[in-house]
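Structure first, commentary second.
Rule-based calculations on the coordinates, nothing more; no lab input. Treat the numbers as computed from the prediction; the structure is a model and nothing was measured. Because the Cβ atoms are built from the backbone with ideal geometry, glycine has one as well, and the counts that use them run over all protein chains shown.
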Amino acid sequence: MVVSVAMGTAIATSLITLSLDIKGKVSRELRAFGANITIEPKVEGFADIAGQKRYLREKDIIKAKTIFWRHNILGIAPFLEEKAKISFQDRKKDVTIVGTWFEKELPLPGEKTTFRAGVSTVSPWWDIKGRTPDKSSVVLGVSLAEELGIKQGEEVLLDGKPYVVSGILSTGGKEDEQVFLDLDVAQELKGLEGAVSRVLVSALTTPMDDFAYKDPATMSRKEYEKWYCTGYVTSIAKQLEEVFKGSRAKPIWHVAETEGNVLERLSILVYLLTAASLLAAALSMSTTMAASLLRRLDEIGLMKSIGADSFKISIIFLSEAFIIGCVGGLVGYAISVGVVKFIGLKVFGAVLEERVLLLPVALVSALLIAALGSLLPIRRALRVKPAVVLKEAR
Amino acid sequence: MEFISVKDVVKEYETAVALRGVDMDVEKGRWVSIVGPSGSGKSTLLNIIGGLDSPTKGSVFIDGVDLGSLSEDAMARFRRENIGFVFQQSHLVPYLTSVENVMLAQYFHSITDEAEAVEALNRVGLGHRLHHRPSQLSGGEQQRVCIARALINSPKILLADEPTGNLDRENTRLILELLKKLHSEEHFTIILVTHDPFVSKWAERLLTMEDGRIIKDEPLYC
């Protein structure tokens with residue numbers, strides 16, 4: 001019986017520990033999906049047509065690491081997208097050139113450490129054959145390179161300036177048609193020093209719920225504070241908007257919602273598994289208890305013959321179940337600590353946090369298993385007729 | 001009104017009839033033996049008087065209380081207040097010591113009192129075996145623990161079903177002497193079922209059963 005309770009408690013406690021840590025771990029894994037927030041200048045469209053194209057300021061980028069949810073900002077990359085003419089031998093074409101950081105260490109404000117930013121932090125799936133660009137080189141999208149017959153190491157002209165092709169980029173998206181340069185080089189080429197047209201951010205977020213979808217403009221002060229201080233993708237976007245001058249930050253919904261759905265379903269799965277393990281343990285305990293009581297029917301008959309009522313007999317067997325529950329809970333908790341460590345290392349490559357606070361949870365789970373598993377067999381055993389069992393025991 | 005009154009009690013099982021309309025009255029403080037061959041219904045009658053079994057028909061009154069009117073838990077309460085049982089098999093809880101087995105009856109009755117339990121075991125001559133488990137006691141000693149347990153709550157009735165059935169003659173005599181001594185001191189009523197003439201003659205009254213009926217009711221003079 002102790003083994004049944006211990007195993008049930010171990011599984012339930014392990015799953016609860018995992019459910020507490022798994023969101024963070026899986027959410028971090030899901031960041032491989034790429035950026036989930038895009039920041040753009042507030043005014044574009046008509047202003048652009050009128051020749052008033054707006055830009056964000058490159059120097060605001062590091063401010064993303066000063067917001068309330070700064071520790072949740074895992075990646076950030078600026079993009080300056082402009083039109084340019086590419087020439088290779090006798091071929092010419094109007095293309096989009098993109099200035100960006102492929103990988104850059106940014107010093108954190110007020111700290112001695114740095115923060116790794118760049119395309120590799122928001123689009124880790126980008127596949128570059130060759131090297132990332134430096135001051136005198138560019139990376140070409142694979143479709144563009146094939147169309148113009150350009151190979152790595154050859155020289156192209158961008159708006160008349162020569163650059164060596166250091167690599168060929170393949171993403172399967174619109175990037176395959178574009179030319180990539182270091183941000184500084186693109187700014188210099190287009191005379192747009194310190195300007196970026198778009199910033200992509202990869203942030204750890206809390207799955208969206210009904211409250212998260214509420215319009216902040218219609219919220220009470222208390223609701224707004226709760227929303228602002230919860231790591232929803234919308235509230236993080238709002239905080240980014242506040243530090244990027246003249247910007248508008250929007251969640252990339254297909255990424256944010258997919259992540260939310262995955263995490264939500266994962267949570268439900270863990271909760272269901274926890275409930276199932278508790279139920280299975282209770283059933284196992286119940287079967288073992290029933291078998292044990294069957295062997296002790298003469299004892300129950302004897303107790304009844306010397307005047308025990310159902311309550312007092314129940315108290316005796318429930319006390320035994322209580323002791324089994326306590327021992328099983330402690331053993332189960334000890335097992336769960338090992339199981340969680342093992343799963344953390346094998347699945348996530350990191351030790352999941354050990355939570356001593358789960359010890360009472362383990363004990364309560366164990367007592368629940370013991371109580372639920374014992375009630376029915378005890379109830380059934382109390383129906384025995386003492387005259388019958390005592391006669392059989394003779 | 002008689003202290004114990006059994007009226008037209010019938011007990012039928014699916015395949016057999018154990019009692020076929022038994023009537024009997026027992027005065028308070030008497031020692032009655034019930035004898036008869038195996039299957040005559042004497043143990044069934046004893047169980048019904050003790051509320052361990054219920055009759056198919058008829059009624060049992062003890063001290064004016066109709067046992068048929070009591071719920072299972074009320075019957076348990078009535079039993080612990082009024083009745084002590086001694087069985088052929090000692091039926092002791094195997095993992096409890098002598099004194100703990102006696103205290104178990106105290107626990108079901110009210111509260112435990114170890115000194116009182118020790119005194120009860122002293123009275124049955126087991127003061128030196130207080131902390132022995134049943135497996136460490138002889139058959140006679142186990143029965144003496146059962147008598148101490150049956151009498152610890154000062155019952156008005158002692159029901160004994162073949163209490164010496166597993167004992168040799170010497171131990172049988174010791175148990176009966178002990179019962180006689182306690183009976184004369186405490187004046188409880190004894191109904192003792194046996195098939196041993198040596199045991200039955202210690203009673204004041206002898207009932208003989210056959211085929212589910214009392215066929216003879218005679219006084220005995222010790």
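Some points to look at:
- Taking 0.36 nm per residue of sequence separation and removing the Cα-Cα distance, the A:Tyr224/A:Lys53 pair yields an extension gain of 58.3 nm.
- Comparing mean-square fluctuations of A:Gly118, A:Gly110, A:Gly246 from a GNM of chain A with C-alpha springs under 10 Å, the top value falls on A:Gly110.
- Burial order of peptide ranges B:109-116, B:18-25 (average beta-carbon count within 10 Å, highest first): B:18-25, B:109-116
- A Gaussian network model of chain A, with springs between Cα atoms under 10 Å, assigns the largest mean-square fluctuation among A:Arg131, A:Arg70, A:Arg221 to A:Arg221.
- Dipole of region A:36-251, positive end: most advanced residue of A:Gln89, A:Ser123, A:Gly172 [Cβ charges, Cα centre]: A:Ser123
- Span-like helix check, chain A: qualifying full DSSP H segments, with Cα axial length of 20 Å or more and mean Kyte-Doolittle of 1.0 or more, are A:310-343, A:358-381.
- When each of the peptides A:86-97, A:209-220, B:201-212 is scored by how many other beta carbons lie within 10 Å of its residues on average, the order from highest to lowest is B:201-212, A:86-97, A:209-220.
- Peptide-level mean, for B:106-115, of C-beta atoms on other protein chains within 10 Å: 2
- Pairs of Cα atoms farther than 20 Å apart, region A:31-168, %: 56
- Dipole moment magnitude, nearest 20 debye, region A:204-277 about Cα centre, only Lys, Arg, Asp, Glu C-beta charged: 220
- A:Asn261 versus A:Arg91: modelled label distance in nm, points set 7 Å from Cα along the beta carbon direction: 4.0
- Equivalent ellipsoid of region A:169-291: semi-axes from √(5λ) of the C-alpha gyration tensor, largest first, are 46, 23, 10 Å.
- Taking Cα atoms only, the orientation of helix B:98-109 departs from the longest principal axis of chain B by about 50 degrees.
- Average beta-carbon neighbours from other chains, 10 Å sphere, peptide B:74-86: 4
- With each label modelled as a point 7 angstrom along the Cα→C-beta vector, the A:Arg248-A:Lys63 pair spans 1.8 nm.
- Distance between the modelled labels on A:Thr114 and B:Lys180, one decimal in nanometres: 10.8 nm (7 Å Cα→Cβ projection).
- For the protein assembly as shown, the Cα gyration tensor yields ellipsoid semi-axes of 94, 21, 20 Å (square root of five times each eigenvalue, largest first, whole Å).
- Stokes-Einstein D in µm²/s, Kirkwood radius over Cα pairs - region A:247-394 at 10 °C with 1.306 mPa s viscosity: 85
- Kirkwood analysis of the Cα pair distances in chain B returns a hydrodynamic radius of 17.7 Å.
- Against chain B, whose longest principal axis is taken from its Cα atoms, helix B:114-123 shows a tilt of about 70°.
- Using the Cβ-Cβ distance between A:Glu154 and A:Glu193 with R0 = 30 Å, the FRET efficiency computed as 1/(1 + (r/R0)^6) comes to roughly 0.55.
- Most fluctuating residue given options A:Ser284, A:Ser336, A:Ser310, as computed from a GNM of chain A linking Cα atoms under 10 Å: A:Ser310
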